[in-house]
Every structure is written in structure tokens, then in C-alpha cells.
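These notes are about the structure you will find just below.
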Amino acid sequence: MGGKQLTKTPSTTQASLADAEIVNACRSGDTAAWRSLYDRYAPLVHRFSAALGVPIDEREDAAQDIFVAVYRSLRHFRGEAQLSTWIYRIAARHAIRMGRRRRTREMMHLTMVKEKPPIATDPSERSTHIATLDRMLAKLPPKKRTVLVLFEIEGLSAKEISDVVGCPENTVWSRLHHARAEMVKAARRMV
Amino acid sequence: MNWLETPQDDSERLLREGLDQATKRLGDEITHRRVWARVADALEKPQPRVYGRVVFASAALVILVGAGAVALPRLLPIHGSRGAAAGAATKSPAHAALPSQTEPGASGAAEVTATPVDQTALLESERVPGHVVRTRAGEHARVALGGGAEAELAENSAITWDGQHRPSIEQGSALLSVPHQPPGWRFSVTAGPYVVTVVGTKFEVHVANRTVGVEVSEGVVEVWRGSRSTRLVAGDSWNGPLRPDEAPAAPAALPAEKPQPVTSLSAKVASLANRGPQDAQAALQAGDTGKAIDILTRAAQGSGPTAENAAYELGRITRYNLNHPRQAVALWDKYRTRFPTGLLRTEADLSIVDTLSNLGDVRAALAEADAFLARHPQSERRLEVQKLAERLRAAQSAAGQR
């Protein structure tokens with residue numbers, strides 16, 4: 001049995017107001033506020049990193065890097081977007097960067113030894129549909145994957161996604177349409 | 001309406017269920033706290049200053065060096081068949097002598113004879129089935145097993161990996177150090193037909209002639225063969241026949257529990273009890289906390305790891321689902337009384353410290369934190385608890401001054 005399951009991050013207006021207070025307190029050096037910010041967004045970062053393909057054995061490092069990046073950049077956060085959108089943006093960039101490094105590593109490994117290294121998996125995820133979903137998501141190009149994950153798993157609107165990934169809303173819809181079609185095709189091949 | 005909410009076929013149903021489950025993948029509390037301890041460390045360091053182009057140039061250099069560090073270990077074993085062990089050797093002074101010999105193993109995987117010059121260097125062996133790391137007379141080796149665990153191979157010993165990527169002691173003796181595992185995670189090592197399962201501890205496994213032995217230096221381990229298990233605490237040792245179907249060459253202490261016929265009532269009860277935690281989890285996910293508590297209360301009345309897990313979980317649900325922190329502390333305390341050397345003892349101690357601290361009961365939280373530090377001096381959570389204790393002490397003295 002796992003530890004305490006963390007609760008899903010709230011995304012209501014009330015939460016946004018509290019975010020502004022937390023950001024101000026963090027900027028004034030209040031460590032307790034940092035802990036609140038971390039408690040609120042760590043589950044989001046964990047879930048989002050996992051869906052973007054960060055392997056289980058790299059997720060703790062990823063979460064640490066993302067929150068340290070948030071800490072170092074919070075003074076530049078202007079509050080024009082929601083705090084969650086801003087954190088998604090940092091996490092997405094980080095996951096894509098890690099994925100690129102991982103692919104390079106795997107490619108070199110394949111070139112040299114012609115066998116893929118074993119992938120660490122979370123035992124709690126082995127018997128679920130998540131493992132299958134992850135295999136399907138892994139086939140999507142990073143941009144389409146990010147949009148699909150933000151829309152279908154994170155529940156963001158097209159406008160919020162366009163803020164996270166930095167593209168027009170129409171592009172978000174187009175990427176989502178193609179990503180969905182590719183996922184359905186992949187699912188049909190797996191069943 | 002969600003996409004694929006009315007799936008047309010099995011593939012769409014599979015996809016929808018996968019997406020629904022992915023929304024619940026939130027991580028566990030232990031990982032959450034561990035990452036916070038690392039983030040909090042970073043918060044205490046001064047923020048780096050930005051030096052424009054100089055910083056960019058440095059970053060490029062770091063990436064190149066990093067890529068080299070990744071590439072080199074992979075490039076070096078080109079003369080061997082796999083040789084990740086040799087690759088890892090480039091990270092340590094041991095690389096000059098590693099490996100002295102690389103041969104195909106029985107299954108076609110690499111067999112590495114480790115002769116490290118610096119025997120304190122950690123050998124990052126490739127953890128794939130059939131890969132073997134072997135020491136000869138007078139040689140020792142430290143082998144990384146993943147997740148921070150490592151094995152110190154004595155002379156004339158061999159370690160390999162089975163089909164489930166578990167380390168397996170083939171011959172000789174290995175001292176294993178395993179850091180504390182998060183709840184739900186177990187570290188396993190095999191030796192002959194036995195599986196030794198731990199949460200976080202230090203123990204030795206040896207395979208000699210026709211016996212397998214386990215000696216525990218710290219923590220608790222369980223030795224499993226099929227559905228039979230024996231629990232060992234620090235200071236305990238255990239021996240079993242390597243091939244239990246054959247007559248043992250030397251007298252061997254068999255697991256304490258007698259085998260039960262699979263059709264017996266007690267086996268059926270045990271099987272039902274083992275399903276308890278999963279059923280409780282399902283009830284919780286369905287929002288039926290009362291049912292989860294009923295299931296866990298029944299499971300906690302039994303014995304073995306299921307009862308222990310259930311006893312701990314009761315406290316967790318009482319705190320987080322029912323929001324009764326005082327009752328949760330009492331339940332975890334009950335757990336500690338019943339399972340003083342339990343596998344989840346550390347988690348129970350930490351949960352109590354955390355809950356009391358959140359309740360604002362500074363004196364009790366501080367007493368628990370100090371007790372934790374005294375009881376678990378080698379715990380990987382020590383730093384985290386030390387920081388909390390410092391904060392609590394500061395709060396206590398501030399309250400005293402007022």
C-alpha cells in the first residue's frame with residue numbers, strides 16, 4: 001500500500017487568489033509560504049511529469065529541479081497568467097529537455113550495445129491501464145503529447161494551454177485533434 | 001463531456017480508462033516529503049546571479065561535458081558484449097582494472113570478473129537478466145543495485161539479475177545495504193529458491209554448498225519461499241537448503257511457519273486478508289471511507305505484513321480522510337506498540353512527528369522528533385527531521401520568552 005495519496009490541485013478562482021498571497025509571501029522570504037506553494041503544486045508536477053514520460057526513477061529529481069526553477073524565477077512572475085500555468089510551462093520545458101537527453105542516451109546505448117536499458121517502473125502502475133497509456137503517449141511527438149496531456153489529463157482550457165506552450169489557440173486545437181487520432185490508432189493496435 | 005466518455009470499442013475504453021487513471025497519479029506522501037527536504041535545502045542557498053553570456057557559455061560547456069560523461073561509458077565497452085560495468089568504471093578510479101575479463105554468460109549476457117584496484121569504488125553494473133559480476137580469490141567489489149542499494153561482494157562470489165531484474169546471489173557472500181524504501185515499494189534479492197524482501201536495512205546473504213543463509217545487521221527483512229515467509233530482525237540469522245527438495249547437506253533451520261494446505265480454511269482466510277488493503281484502497285477511491293476502515297480494521301486483527309500494513313493505514317486514513325489527527329496519532333502509537341520493529345515503523349514515527357507538528361503541539365512533536373533521531377540515527381530522513389526539530393525548538397523557546 002502506498003503512502004498518503006496526495007490530493008489534486010485546486011484550480012478555482014478562490015485558489016488563484018490564495019496563489020497571489022502565497023506568491024507575495026514567498027517573495028518576502030517566508031519559508032512557510034514556500035512550503036504551501038510546494039504542497040499545493042507538487043502533486044500537479046508529479047502527475048504532469050509522469051504523463052510527459054519522465055520515468056519513475058527520475059521524477060524526484062525532476063520535481064526538485066522544477067521547484068528550484070520556480071524559486072529562482074518567482075521574482076520574474078508577473079501574475080498575468082495563473083501560477084499553475086506558469087508552473088506547467090516550467091515543468092513542460094523541463095520534461096521535454098529531459099526527454100531529449102534520455103533519447104540521446106538511449107540512442108547511444110542502442111548504437112553501442114544493440115539493447116535497450118531496462119526501464120524502471122512503479123510497481124503500483126504495472127497492473128493498471130496507465131502503463132498502456134504511457135506506451136501510447138510515448139509514440140506521440142512532444143508537442144502533441146504536451147497538448148493532449150494538458151487537455152485530457154490536466155483539464156486545462158485551450159486558452160490556458162496556448163499560454164503554457166506559447167502557441168495560438170488554433171494550433172492547440174489542431175495538435176489536440178491529431179494527437180487524439182494518433183492515440184486512438186495506437187490503442188486499436190494494442191487491443 | 002469528456003472525450004471517449006461513450007467508447008465505441010475496447011480500444012477506446014482502454015484509452016479512456018488510462019486517461020482517467022492518469023489524472024489520479026499524484027505521488028505518495030513519502031516522496032512528497034523527501035522532495036521537499038531537497039527543495040528546502042536549495043531555498044537556504046543564495047540565489048545565483050545572472051552573468052549573461054558568460055553563464056550561457058558555461059552552460060554549453062557543462063552540457064558537452066555531461067554528454068561526454070554519458071557517451072564515454074557506452075563507448076568504452078565496445079570490446080565487450082555489454083559491459084555497463086566497464087562503463088561505470090570510467091566514473092571511478094577503479095576503471096583501470098575493470099573489467100579484467102568480459103565473457104559471454106550462460107544466457108549470452110556479459111559476465112564480468114571484477115578486480116577493482118580501489119575496492120571502495122562503486123561498480124554500476126548493468127542490471128539485466130543473465131549479467132553476472134564475479135569476484136575471484138582475494139577480490140571484493142561494491143556493486144550498485146539501483147535505488148541507492150548496493151552489495152559488497154566477498155571473494156569468490158557472484159551476483160546476477162533474474163528475469164524480473166532482481167539481484168540474485170549466485171554464489172559466495174554479499175553484504176547488502178538498502179536505503180529506506182517508500183511505502184508500497186519493496187527491495188528484493190533472490191538466493192536459490194528464496195526471495196529476501198526488505199524495506200530498508202543492512203543484511204548479508206550467502207550461498208555456499210547446499211545452503212542459503214541470511215544475517216541481518218540492521219532493520220527487518222523477510223525471507224520468502226513461495227507463500228511461506230520468515231521475518232528476521234537485527235541480530236537474527238537464518239539458513240535454508242539451496243534445493244529444498246533434496247536432503248540438505250547440513251542441518252538447516254527451516255522457516256518457522258509450517259506450510260498450510262492450500263485448501264485449508266486458514267489459507268482461505270489468509271488469502272482474503274491479503275486482499276484487504278486492495279479492497280480498502282478501492283473503497284477509498286470510491287469515496288467509501290467507512291467501508292475502507294471496516295476492511296482495514298478486520299485485516300489489522302490478523303497477523304503478518306497485511307495486518308501491519310492495515311494497522312498503519314488506519315492511522316493514515318483517520319488523519320487524511322477523516323481529519324482526526326489526534327485519533328490518528330493514537331492509532332499509529334498503537335501500531336508501534338504492536339509492531340515495535342515493524343517494516344513501517346519509521347513511517348509511523350514520521351507520521352506522528354508530522355501530525356503533532358501540524359497540530360501545533362510543539363512539546364510532543366519535539367519529543368517525538370528527538371526520539372526519532374535517537375532511534376534511527378542512520379535514517380535517510382534524519383536531515384529532514386533534524387530541521388523540523390530545530391524549527392520546533394525555536395518555536396518552543398520563542399513561546400517561552402513571551
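We did not get these values from a lab; they are worked out from the coordinates using the rules stated. Bear in mind the structure is a predicted one, so any value in this text is a computation, not a measurement. Glycine gets a Cβ as well: all are built from the backbone with ideal geometry, and neighbour counts include every protein chain shown.
Going by Cα centres, the range A:135-191 and the range B:3-22 are how many Å apart? Cα centroid to Cα centroid, the span is 15 Å. The calculated FRET efficiency for B:ARG375 paired with A:ASP57, based on their beta-carbon distance and R0 = 41 Å, is about 0.90.
Compute the Cα gyration tensor for the range A:125-184, then decide on rounded, prolate or oblate, letting a ≥ b ≥ c be the square roots of its eigenvalues: rounded whenever a/c is under 1.5, prolate when a/b is larger than b/c in the other cases, and oblate in all that remain. Since a/c reaches 1.5 and a/b is larger than b/c, the shape of the range A:125-184 is classed as prolate.
Reported to the nearest whole Å, the Cα centre-to-centre distance from the range B:144-165 to the range A:34-96 is 35. Using alpha-carbon positions, what is the distance between the centroids of the range B:279-344 and the range B:363-395, in Å? If you average the Cα positions of each part, the centres end up 24 Å apart.
Kirkwood hydrodynamic radius (Cα pairs, Å) of the range B:333-402?
12.4 Å
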